[in-house]
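Where a number appears in this text, it was derived from the coordinates with a stated rule and is not lab data. Model, not experiment: these values are computed from the prediction. Cβ placement follows ideal geometry from the backbone for every residue including glycine, while neighbour counts extend to all protein chains displayed.
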Amino acid sequence: MVSEWLAEALAIYNDESHHKREEYVGQVHFPASILEQILEWAFKSLPDEILVGLDVGLEKNLSTVEIDFKGDNEKTNLFAGQGYRINEAKMVNRGDSFSVHHLPEEWTDEVFGTDRGPRAGRFTHWLHTHPNCPAIPSEQDADAAQSTDGVDLILGIQFSPQGPLPWFDGVEGERRIIGDNRKKLGRAITGHNIHSLELIAFHKAGLGINVVFVDDDGRVF
């Protein structure tokens with residue numbers, strides 16, 4: 001179970017994902033419980049951005065959900081983990097926008113070797129946060145994505161009190177906003193008010209990937 005406010009916001013996001021399904025060439029099914037854990041890490045790490053490695057398990061996306069969100073332009077065999085539900089997240093790094101990006105595998109293999117076995121630091125997908133900034137890829141984001149086997153995701157979080165990170169909105173690009181930034185969506189574990197969340201996913205070729213939020217059994221919110 002996730003917080004009621006988050007479940008409601010993700011249901012709205014999923015409605016938009018379904019409505020815009022023809023604009024995407026693939027889809028990633030993302031458990032809401034994992035997003036809630038990432039939000040906790042993100043707020044505890046402020047003012048830094050965080051980098052999170054995401055992996056898939058043996059559970060395939062539910063076929064009924066996948067068909068419902070499939071557009072006519074969807075491509076098969078586009079990225080690693082396609083068709084399988086995300087089931088694991090690990091916080092790998094934190095720092096500013098120039099230092100938070102992917103780490104060489106040999107840096108993380110030893111760190112995660114005890115609980116990830118032979119996979120160690122080799123994650124399928126990567127997600128990083130943009131505190132008080134829209135989820136629009138920067139040039140560094142696009143460069144980092146070239147080494148991703150799966151897809152890259154960016155989570156933008158608008159919150160208050162802003163501290164040293166006032167909301168930065170001067171960025172052009174396709175935005176997928178969760179909630180209305182004129183009101184409070186929810187409250188973080190750190191006491192911050194969450195006003196808006198944004199999430200995008202993209203392939204290293206620059207193609208947009210649709211994100212579908214599901215519960216732990218793969219059912220859509």
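Points worth noting:
- GluC sites (Glu not before Pro), loop per DSSP, at most 16 other Cβ atoms within 10 Å - longest free stretch of the chain: 1-171
- Think of the chain as a dipole: +1 on every Lys or Arg Cβ, -1 on every Asp or Glu Cβ, centred on the Cα centre; then among 146, 76, 218, 218 lies furthest on the positive end.
- Annotation: lysines with alpha-carbon distance below 23 angstrom to residue 75 (same-chain offsets under eight excluded): 20, 60, 204.
- Assigned charges on the beta-carbon of Lys, Arg, Asp, Glu; segment 1-75 dipole about Cα centre (debye): 180
- In the chain, the DSSP-assigned H stretches of four residues or longer account for a calculated mean residue ellipticity at 222 nm of -7500 deg cm²/dmol, using -39500 (n - 2.57) per stretch and the full residue count as denominator.
- Of the trypsin sites (Lys or Arg not before Pro) in segment 42-94, those whose Cβ has at most 14 other Cβ within 10 Å and which sit in DSSP loop: 75
- Think of each Lys and Arg Cβ as +1 and each Asp and Glu Cβ as -1; about the Cα centre, that makes the dipole of the chain roughly 320 debye.
- Selection from 196, 17, 28 lying farthest towards where the dipole of the chain points positive, charges on Cβ: 196
- Here residue 44 is the anchor, and the lysines within straight C-alpha reach of less than 17 Å, apart from those fewer than 8 places off in the same chain, are 90.
- Set of aspartates and glutamates with alpha-carbon distance to residue 184 below 15 Å, sequence-local pairs under 8 removed: 4, 8, 198
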